[in-house]
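> Pasting a structure below so you can have a look.
Nothing in this text is a laboratory measurement; each read-out follows from the coordinates by a stated rule. Just so it is clear, the model here is predicted, and its values are computed rather than measured. Glycine also receives a Cβ, built like all others from the backbone with ideal geometry; neighbour counts cover every protein chain displayed.
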Amino acid sequence: MKYLETAIEMLEDTEISSELKAIYDFYNSIQPELDGFRDEFGLTCPDECGECCAHFIPDITKSEALLLGARVLFGERKSFLQDRLQETSTEAIVCPFYDARSKHHCMIYSARPLVCRLFYSCATTDKSGKLKFCKCHFNAASKKLSDDKLASSQKTIRSVGEYGAMLDSLDGNSPETELLPFAVLKAISRIGYALNLLFSEVGSVTAENPEA
Ligand code: SF4
Ligand code: SF4
């Protein structure tokens, strides 16, 4: 993950660097479980589909926004992605990172937030706490899934809520969330401020203290 290595190297010994490592390690630690869930129950999305991203903008935590901010600042298509974020209004319904032509329809796939990783890749629970499949309105096959299969699995199956609690623990257990474009722009300002302190010649990003 070149963008992450660059960000961590440039921000070495700062809080941002350890926060980036923590969220990245968290995503890496759960990904095999999510992949295993999809494999076990044969969950697949049609290649051409990306309807979830075309009708959805996630709310994300500060840690998630930080990784996305690093991806935007240190990865490919920086200016384009920044423009996309800035152009997204509060009424928008399409994720600013959605691109029908990109692999997985997402321009920042390796840094995507938790909810995007979980959708169709883990279970949810009903009111009584029983595990259920997350059904996708755009995928007819998902409507035929029997929740009984979950109960007979030999593997540990975590729910959306359990993964969410793991994510929240990175930001103090009950973190505030914010709509992705606004959260990422704040994270970009925070990273920019830190870089300006570390390297006075880095002037392409704001020098205002976003925490002030
Ligand atoms: S989760 Fe549903 S909407 Fe999203 S890509 Fe898969 S099938 Fe399509
Ligand atoms: S971040 Fe990527 S995966 Fe998540 S909604 Fe946006 S385009 Fe889709």
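> Which one, Leu170, Ala141, Gln82, projects farthest toward the positive side of the charge dipole computed for segment 2-198 from Cβ point charges (K/R +1, D/E -1)?
Ala141
> Could you compute the FRET efficiency for Glu176 and Ala140, with r as their C-beta to C-beta distance and R0 at 35 Å, rounded to 0.05?
Efficiency at R0 = 35 Å is approximately 0.45.
> To continue, here is another question. For the pair Phe80/Ala54, report the inter-label distance in nm, with labels modelled 7 Å from Cα in the Cβ direction.
For Phe80 paired with Ala54, the spin-label model returns 1.9 nm.
> While we're here: How high is the relative contact order of the chain, given as a whole-number percent (alpha carbon pairs under 8 Å, six or more residues apart)?
Computed over the chain, the figure is 27 percent.
> Something else now. Counting Lys and Arg as +1 and Asp and Glu as -1, each charge on the Cβ, what is the dipole of segment 2-198 about the Cα centre in debye, to the nearest 20?
Charge dipole of segment 2-198: 540 debye, to the nearest 20.
> Distance in nm between label sites at Thr90 and Asp13, each 7 Å beyond Cα in the beta-carbon direction?
4.2
> Same structure again: Rounded to the nearest 0.05, what FRET efficiency is calculated for Met1 and Ser128 with R0 set to 45 Å and r the Cβ-Cβ distance?
My answer for the efficiency is 0.65.
> Per q in 0.08, 0.09, 0.12, 0.16 Å⁻¹, report the Debye log10 I(q)/I(0) for the chain, using one uniform scatterer on each alpha carbon and no solvent.
The calculated log intensity ratios at q = 0.08, 0.09, 0.12, 0.16 Å⁻¹ are -0.31, -0.39, -0.67, -1.12.
> Here's a follow-up. Give the total of Lys-Lys pairs in segment 64-212 with Cα-Cα distances below 29 Å; include a pair only if its members are 8 or more places apart or on different chains.
26
> Right, something else. So how far apart, in nm, are the two label points at Asp168 and Asp47 if each is 7 Å from Cα heading toward Cβ?
4.0
> Hey, another quick one. Go ahead and set up a Gaussian network model of the chain, Cα springs under 10 Å, then flag whichever of Ser128, Ser63, Ser17 fluctuates most.
Largest GNM mean-square fluctuation: Ser128.
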